[in-house]
Amino acid sequence: MTMIRDPDIPAIELGAQEVAVGKPSRKGTIGVVVIGAALVTAVNLTAAVYLYRGINDLRTLEARLEQLGQFEQRISARLDTVNNGFQSRFEKLDDQLQAKFSEVNGGFARLEHDLPAAADERMSSAPEPTVVPAGTEAEPSAVAENMSEAESVGMPQLPRKRAAPPAPNPAYQRIQQADGKVYYRKIN
């Protein structure tokens, strides 16, 4: 950088300005300190407000967690009560069912004990049934008479057998599979 010098222009003294800049005034220093203190105070106040809010939120959350623990204990107690109720009902039903089963088994045992002796006595006093040969028709009054005599003696009636199924048609072939299903196929 080149400087242009003109001898007619008075020279500017830079030394006086450097001294003025080098020594700050008391007013400027006090202003800078006050502004800095105000900024630090504002930052501290803001931090205190956020810290206070955070502490309040934490207390609220802690209270909710305590309520949640109490709620869990109440629910657990109610579930235990319901579970005990169901369990006692199941036990009661089981006891009743066992009592019914033992009652039924006792009835069967009594029937088995009483039935052979009674059947022997009844069979000895019962009249001989009439045998009707196949191909001849029995008189309905004779069959009814034998039936009424058996009922009067007190013999238990035997279940009637079903009629035999009709004979298979020779035009069809019977096929039984391993799973028990039966199919018929027409023979040509």
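A quick yes/no check of all residues on (1) at pLDDT below 70; (2) outside any loop (DSSP other than H, G, I, E, B); (3) in contact with a Leu (Cβ under 7 Å, 6 or more places away or on another chain):
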residue: Ser148; (1), (2), (3): yes, yes, no
residue: Met155; (1), (2), (3): yes, no, no
residue: Leu158; (1), (2), (3): yes, no, no
residue: Pro168; (1), (2), (3): no, no, no
residue: Arg174; (1), (2), (3): no, yes, no
residue: Tyr184; (1), (2), (3): no, yes, no
residue: Asn188; (1), (2), (3): no, no, no
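Quick check: is even one residue across the range 112-124 surrounded by 10 or more Cβ atoms within 10 Å (Cβ to Cβ), hydrophobic (A, V, I, L, M, F, W, C) and at pLDDT 90 or above? Checking the range 112-124: not a single residue is surrounded by 10 or more Cβ atoms within 10 Å (Cβ to Cβ), hydrophobic (A, V, I, L, M, F, W, C) and at pLDDT 90 or above. Here Gly85, Gly36, Gly15 are screened, and the one residue that is modelled with pLDDT under 85 and surrounded by 10 or more Cβ atoms within 10 Å (Cβ to Cβ) is Gly85.
The values are calculated or read from the model by the stated rules, or taken from the named source; none is laboratory data. For clarity, every value in this text was computed on a predicted model and none was experimentally measured. All Cβ positions, glycine included, derive from the backbone under ideal geometry; neighbour counts span all protein chains shown.
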